[in-house]
Structures are given as structure tokens and as C-alpha cells.
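No value in this document is a laboratory result; all are computed from the given coordinates. None of the values given here were measured: they were computed from a predicted structure. Cβ sites come from the backbone with ideal geometry, for glycine too, and all protein chains shown count toward neighbours.
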Amino acid sequence: MDAQKRKLRVRIGIILGITAVVAFVQPHVIVPLMQSVKYHAFLLSKGEPAKGDYVNVQVRNRVIDLDKAVTITKRVACTAGEKLEYRAEEHFCDGHPLGRVLARTSAGIPLQAFQWNGPVPANMVFLSGDHPRSFDSRYFGFVQVASLQRLTPLF
């Protein structure tokens, strides 16, 4: 009987341990709902995002949902002081291509390009998805750095 009690206590301990880990980790793990970035899960991270970092940001736009802000996951593609250009239906950051602008969404909704030629303003960034059809700053423009949540890719 003593061995059975010991096994039961071990099992309960394992279950409680797993529950504690899940309860701690779950609020910090982000799983993007759209396929616009190459990673499937992220961990919320501290610190100000830098170029190349992945971030979450809330966006309100008619293409996504005009009635409410939606959280999207993107990559910081161009930062304050870097030269953003729009030419020939494509955006460039310091001469590096960020992607072509599409005329319509896959659902047929017309898209309008964000047009800018000059340095990215202070405290602002230009965001990009990894997929060519990503809805990102090519359409909604700059985003304030203070509105971003930095993410670390898990897988």
C-alpha cells in the first residue's frame, strides 16, 4: 500500500508540475493566425525591437476589420533614419527590396500602396511579412515603436 501511495504522489506531482509550466508559458507564447510570417510560434520578449525582429502590433484597417483592431505579427523591415523609397510599385529600405505592392487582396478588395520617399521618421518603423501577399506596412504605413510587442521565434 505504501508503494501505491508513493506512485500516486509522484503522478500528482508530475501533473501539478506540468500544469504549472503550461500556466506560466501559455500567456507568453504567440501563435500567429495568418501565414504571413515564416515561424509558427513566438515567445513574447522584453526590450525595444530592432531591425529584423518579429513583433506584434494592433492594426485597424478596412482590409482586415474596420470595426476593431486586430493583432498581427510582422518583421521590422526599416527603422528610423533609414531611407524608405516607393518606386515602380515596390518598397525599398536603403536600396534593399521589401516587396511589391499588390493591386488587390486574394478576396478582390482593392489595395492602396503606402507611398513615401525619404528617411523613416523617429520612433517609427516599417513592417513586413515574409509572404509576398502579406498585409503589412506596404499598405498601412509606419507604426510607432511604442505600439510594438517584441517576439522571439520558437519554431
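Let me know the number of lysine pairs in region 42-153 closer than 24 Å at the Cα, not counting same-chain pairs under 8 apart.
Values: 46/74; 51/74; 51/83; 74/83.
Value for region 42-153: 4.
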Original post:
So what are the three principal axis dimensions of the chain from its Cα atoms, in whole Å, longest to shortest?
Top reply: 79, 35, 26
Subject >> Cα-based helix-to-principal-axis angle, 2-25 vs the chain, degrees rounded to 10 >> reply: 10 degrees
Subject >> Packing rank of 116-129, 71-84, 94-107, where each peptide gets the mean count of other beta carbons within 10 Å, highest leading >> reply: 71-84, 116-129, 94-107
Subject >> Formal net charge of residues neighbouring residue 108 (Cβ-Cβ distance under 14 Å; K, R +1; D, E -1) >> reply: +3
